[in-house]
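The values are calculated or read from the model by the stated rules, or taken from the named source; none is laboratory data. All figures in this text were calculated on a predicted structure; none of them were measured in a lab. Cβ coordinates were reconstructed from backbone atoms using ideal geometry, including for glycine residues, and neighbour counts include every protein chain displayed.
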């Protein structure tokens, strides 16, 4: 049999795909992720239900596309934010603030997804096998921060620090999603304090008296990483 030829999407099919995605995100926001159906999404997008299923076999597939596009769209913004900041503390702040700004219109959707977000068996979890590629790209940004931070990082900690910072970012995003303070002011205050504390801890992490603390911290990291798929 001849090799299967990959058909490139046409501008019209891409436009339809984008219309379905936009309609889904609107309904997820207005009605909630669970309440919105694929038929509702098709009606909102002005396409047949079968067409919606042709482009996206499920609501999970729509959200996964949202994740991928968000990752792609934030690349330049993160690059510019890191280039405009210096030191680990300021770069942590810059990166996470880019994430918050990007996801601000979708906080309600993300809150709904958080219900199962901690379960690595849930396909849309940031810890799942399905999101591994996006997770790896994200951790790469923290690896760059570690390499460029100018701090003397202990050799036993350095390989794991990008993962630690990624977990910190996830905690910051989760808190921000559920933060009901005006303009999420509590999240911004907490992020500033936490980023400063992390930078201070890393400055003293190479001291001999910190070796037992590092060992315990690394054991915790290994356990948590092992829980992710």
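Here is a check on your reading of the model: is residue 126 closer than 25 Å to residue 82 by Cα and part of a loop (DSSP other than H, G, I, E, B)? Against the criterion (closer than 25 Å to residue 82 by Cα and part of a loop (DSSP other than H, G, I, E, B)), residue 126 qualifies.
Contact annotation: residue pairs with Cβ atoms under 8 Å, 6 or more positions apart or on different chains, pairing a residue in segment 163-190 that is without any contact (Cβ under 8 Å) to a residue 24 or more places away in the chain with a partner that is outside any helix (DSSP H, G or I), are 186/179.
A search for C-beta distances below 6 Å between a residue of segment 83-102 that is at negative phi and assigned by TED's automatic domain parsing to the domain that holds residue 176 and any residue that is surrounded by fewer than 18 Cβ atoms within 10 Å (Cβ to Cβ) and at pLDDT 95 or above, counting only pairs 6+ apart in sequence or on different chains, returns 89/196; 98/77.
The residues of segment 169-184 that are in contact with a helix residue (DSSP H, G or I) (Cβ under 7 Å, 6 or more places away or on another chain), surrounded by 15 or more Cβ atoms within 10 Å (Cβ to Cβ) and assigned to a helix (DSSP H, G or I), listed by number, are 169, 172, 173, 174, 175, 176, 177, 184. Scanning segment 71-93 finds one or more residues that are part of a loop (DSSP other than H, G, I, E, B) and surrounded by fewer than 15 Cβ atoms within 10 Å (Cβ to Cβ). Name every residue in segment 198-219 that is more than 17 Å from residue 155 (Cβ to Cβ) and surrounded by 16 or more Cβ atoms within 10 Å (Cβ to Cβ), in order of residue number. Within segment 198-219, 198, 199 qualify.
When residue 33 is tested against (1) at pLDDT 95 or above; (2) more than 30 Å from residue 195 (Cβ to Cβ); (3) in contact with a helix residue (DSSP H, G or I) (Cβ under 6 Å, 6 or more places away or on another chain), just one condition goes unmet, and that condition is (1). Looking at (1) modelled with pLDDT under 95; (2) part of a helix (DSSP H, G or I); (3) in contact with a helix residue (DSSP H, G or I) (Cβ under 7 Å, 6 or more places away or on another chain), which is the one condition that is false for residue 154? Of the numbered conditions (1) modelled with pLDDT under 95; (2) part of a helix (DSSP H, G or I); (3) in contact with a helix residue (DSSP H, G or I) (Cβ under 7 Å, 6 or more places away or on another chain), the odd one out for residue 154 is (2). A single entry from 199, 227 fulfils the requirement of being farther than 20 Å from residue 107 by Cβ and either at pLDDT 85 or above or touching a helix residue (DSSP H, G or I) at 6+ places or on another chain (Cβ under 8 Å) (or both): 199. Has segment 12-20 got at least one residue that is under 26 Å from residue 104 (Cβ atoms) and outside any helix (DSSP H, G or I)? Checked against the condition, which is being under 26 Å from residue 104 (Cβ atoms) and outside any helix (DSSP H, G or I), segment 12-20 yields no hits at all. Answer yes if at least one residue in segment 142-154 is surrounded by 15 or more Cβ atoms within 10 Å (Cβ to Cβ) and under 30 Å from residue 108 (Cβ atoms), and no otherwise. The answer is yes; a qualifying residue exists. Is there a residue in segment 146-155 that is in contact (Cβ under 8 Å) with a residue 12 or more places away in the chain and under 16 Å from residue 73 (Cα atoms)? No, that holds for no residue.
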